[in-house]
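Everything on this sheet refers to the single structure shown next.
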Amino acid sequence: MVERNQILEIKNLEIGYPVSKGSFYSLFKDINLTAANGELIALVGKNGIGKSTLLRNITGLQHSIHGKVTINKKAILDYSRSEFAGLVSFVSTEIIQVNNLRVFDLVALGRFPHTNWFGKLEETDIVAVNKALRMVGMEQFANKNINEISDGERQRVMIARTLAQDTQVIILDEPTAFLDLPNKYEIVHLLNNLAKTENKTIIFSTHDLNIAIQETDKIWLMLDGGITEGAPEDLILNETFNHIFDHTNLNFDKVKGDFRMKRKHLKKIGLIGDGIYYTWTKKALERLNFSVDKGNDTIPHVTIEEGFWSYKNGENCLQVNSIYELAKRL
């Protein structure tokens, strides 16, 4: 069992913006959230509730009214600008329109924390840029002008720029906002894969709750009454989504179109239980690329009792009280 390490912590944060000297308009209070390495996290909430402001607070682009954001147990305000640039990268919702700028050159801008005073690319920087392009499937577009590629391709390039920056935490504000539905799924699936293969903490804001439920390890859900976090399946089982939509109408096996990403179930796991807890635990395990063998206790397996999940692998046994905690340790 591998346990993820907590990277980011938000404690008692209040966010907003200044309206006059010494006076602030508060958008959201009492924000308490965490993020671990290797996690893909979706920040979900209605327009105007403060999603972009929260992300800008995490990235240090905007100061909070109250509270603290820490990364690796150190307050973000205690990092120097160069230190922080090597730790956190940010992709805004704006569409980049720059004439005569090659894809390679845009991605190379992400190397600024690592280059010398003159910004000259060394061999290691060129290798990092090419690797980033390769990871997002855009290596063959390196010499194309940024204005000659599609919106979906451009978003991949922006993600490649953050990968070239080689930060521990990647923040994206509405990365799928201007994309059609197939590209939305493709980009979020790419982020999920990068979080796992590169052990990055990736946080993105979105309105696409259906995609977030299928692809992310955790959802930060901003509601008028407060903010909550948890694995998508935990939030469903806790009926957190009930006043947003009737989750019984979700049908993950019949997503329209042929753009749904096919998962490769690499590991087999037994699952013992029934009812709604079985249904959503199975969804979570499949999201984590497990092939579920119902009722099989002869292999590593999970036993469900309402409110508790027990995992057994040989002599090792673990009991947790949420799908999120189970997923962290599988």
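Each reported figure results from applying straightforward, stated rules to the coordinates on display, with no laboratory input. Just so you know, these numbers come straight off a predicted model, no measurement behind them. Ideal geometry is used to build each Cβ from the backbone, glycine not excepted, and the neighbour counts take in all protein chains shown.
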Is it possible to state the helix-based mean residue ellipticity at 222 nm for the chain, with each DSSP H run of 4+ residues giving -39500 (n - 2.57), the sum divided by total residues, to the nearest 500 deg cm²/dmol? What is it? -8500 deg cm²/dmol
Of all DSSP beta bridges located in the chain, what percent are antiparallel, nearest 5? 55
Sequence-distant or interchain residues sharing an amide H contact under 5 Å with Leu27, placed H: which? Ile15, Gly16, Tyr17
Could you give the length gained by full extension between Ser82 and Asp274, i.e. 0.36 nm per residue of separation minus their alpha carbon distance, to one decimal place? 63.9 nm
Please work out the FRET efficiency for the pair Glu123 and Thr197, using the Cβ-Cβ distance as r and a Förster radius of 25 Å; give the result to the nearest 0.05. 0.55
7 Å from Cα along Cα→Cβ at both Lys68 and Thr228: what's the point-to-point distance in nm? 2.8
In the chain, taking the dipole from +1 charges on Lys and Arg beta carbons and -1 charges on Asp and Glu beta carbons about the Cα centre, the listed residue (Ile276, Asn37, Asn210) farthest towards the positive end is Asn37
By average C-beta atoms within 10 angstrom, highest first, the peptides 312-318, 170-176: 170-176, 312-318
Extension gain from Asn37 to Lys21, taking 0.36 nm per residue of separation minus the Cα-Cα distance: 1.9 nm
Taking the Cα centre of the chain as origin and charging only Cβ (+1 Lys, Arg; -1 Asp, Glu), how large is the dipole, in debye to the nearest 20? 520
Picking from Val19, Ser291, Ser80, whose Cα lies most toward the positive end of the charge dipole for the chain (charges on Cβ: Lys, Arg +1; Asp, Glu -1)? Ser80
Nearest 20 debye, what's the magnitude of the dipole of the stretch 81-177 about its Cα centre given +1 on Lys and Arg Cβ and -1 on Asp and Glu Cβ? 160
